[in-house]
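Working notes, structure below.
Please treat every number below as a calculation from the coordinates, not as lab data. Small disclaimer: the values here were computed from a predicted structure and weren't measured.
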Amino acid sequence: MTYLAWAINVLDEKDPIGPSHITVQLNESVYLGLLITLVLFSFGAWQYIVQRQEIERRIIAERRARHLAYHDSLTGLENRRSLEEELANSLESGSDNLTRNAILMLDFDHFKKINDVHGHAIGDAFLQTVSTRMLQVVQMKGSVGRLGGDEFAIFLKNCSEGTDFETIARKLISAICEPIDIAGVVLMPEVSIGVVEIAGSGSVSELLRMADLALDRAKSQQGSCFLFYESFMEEDFRRGKALHQDLSQALRLGQFRVFYQPLVNSENGRTSSYEALLRWIHPEHGLVSPMEFVPLAEETGLISSIGKWVLYQACRDATTWPKTIKVSVNVSPRQFLDCSLPSIVEAALAATGLPANRLVLEITETVLLHESEANMEILRKIRATGVAIALDDFGTGFSSLSYLQNFPFDTVKIDRSFVQRIGTSPRSEKILQAIMELFTSLGTPVTVEGIETEAQKEWVSRIGCRDMQGFLFDYPRPLVDIPMLSEI
């Protein structure tokens with residue numbers, strides 16, 4: 001059949017008055033545009049005028065525009081708009097009792113640090129690699145999309161009754177967390193997953209919020225894991241929101257307290273210093289865990305003013321102690337980035353009268369992600385006052401060991417995670433012993449955190465460490481509850 005005959009057949013079903021636009025597909029990539037007009041000539045006859053135009057480029061451009069509107073340009077996965085529309089259509093059409101659907105929301109731990117340390121090109125390659133791994137696990141079971149940044153979602157749809165979403169989540173973690181080598185940079189992915197099974201009614205926004213709540217809970221567990229949504233998470237969310245609001249008033253209302261935990265010499269049992277630890281006594285919720293409110297303080301920027309208050313309070317308290325006892329105060333990454341930190345420390349010492357050699361500031365490896373001259377200058381200025389610098393939670397950060405060459409810390413505190421594996425992980429024991437040997441050779445004193453049992457104490461003593469901290473010796477306590485402090 002000719003294009004004209006085909007067009008006339010189509011036009012028979014239409015109003016012949018006025019021009020008609022018809023698109024004819026010749027093959028997969030080539031289209032024709034036909035403009036057909038019925039014209040009355042002077043001799044009284046009606047005739048069809050057909051204008052033919054190839055519109056392949058326009059169709060391809062439209063397809064590309066639609067693809068970009070519904071897909072992520074970096075990974076090629078569906079984007080948020082596409083997933084939400086797909087989920088909405090599924091909810092509208094409903095599902096039978098023989099199939100099951102679920103939403104998995106994923107977030108990669110420490111992704112920002114990958115960008116900060118290695119650059120955005122490595123970060124982009126990382127996202128592309130983990131996207132491929134997710135697709136390989138999900139295959140035809142559903143859709144994978146990137147919501148933004150390092151947050152992804154998977155819509156598992158029309159799965160059989162016997163489908164185990166827990167098994168799929170485990171397979172995702174196993175596949176994603178394999179090492180990634182990008183141009184010689186080896187990355188160890190860590191992913192948190194929140195899962196919500198779609199049952200009954202619910203809007204798209206509600207379901208995504210539920211998956212997000214489960215994801216937030218999974219992220220708080222630290223390390224790669226997944227959690228299913230449970231109703232109690234709603235209460236936790238409301239509590240967190242309320243704490244977020246109350247935190248801004250907590251300092252003004254005098255709700256913060258400083259507790260102290262001793263650092264003990266295991267050979268003679270003497271306390272050499274106390275670490276100042278912030279606690280929030282909430283009028284409604286009582287003692288709020290630092291794991292719960294410190295991240296909120298960091299997020300809102302309140303940590304700077306709160307940290308300054310802790311510094312002054314700890315210095316003030318320490319002036320009443322024996323002169324042989326030091327006090328150590330934690331400095332958050334956000335505090336450290338404040339170039340006025342050295343002057344704040346000097347002002348606290350001057351205001352309280354505490355000698356500089358009795359104050360230790362503890363910083364984590366996180367603040368050394370950028371081994372910039374500005375960072376090193378802050379450390380040098382603080383140390384020039386006579387204040388000691390301790391590297392806290394060693395072994396959990398992302399910095400290279402080069403900072404040990406650039407700045408000689410006065411002491412290093414080894415993270416409790418190594419101690420917890422003593423007796424169960426020979427590999428962790430070897431790492432702990434190697435760390436101890438490294439700092440012994442550098443002449444840097446070491447404190448091991450997290451000592452809770454006599455067996456841990458004895459093992460750590462055998463590898464040459466005498467300075468320890470942990471529940472075995474004492475829990476963090478208010479100053480008034482530390483017995484005989486003035487006689488130590």
- [ ] Using only alpha carbon pairs under 8 Å that are at least six residues apart, calculate the relative contact order of segment 334-393 and give it in whole percent.
- [x] 45 percent
Task: Rg/Rg_ref, segment 74-230, where Rg_ref = 2.2 N^0.38 Å and atoms are Cα - done: 1.03
Open item on the list: Give me, ordered by chain and number, the residues 5 or more places off PHE228 or on other chains with an amide H under 5 Å from its own placed amide H.
Closed with: VAL195
TODO: Report relative contact order for segment 250-487 in percent, whole number only (criteria: Cα-Cα under 8 Å, sequence separation at least 6).
DONE: 20 percent
Open item on the list: Taking amide H atoms as placed 1.01 Å from N in the peptide plane, list the residues 5 or more away in sequence, or in a different chain, whose amide H sits under 5 Å from that of SER273.
Closed with: LEU263, LYS326
Task: Derived scalar couplings ³J(HN,Hα) [segment 117-122; Karplus, 6.51 cos²θ - 1.76 cosθ + 1.60; whole Hz; x for Gly, Pro] - done: 7, 10, x, 6, 5, 5
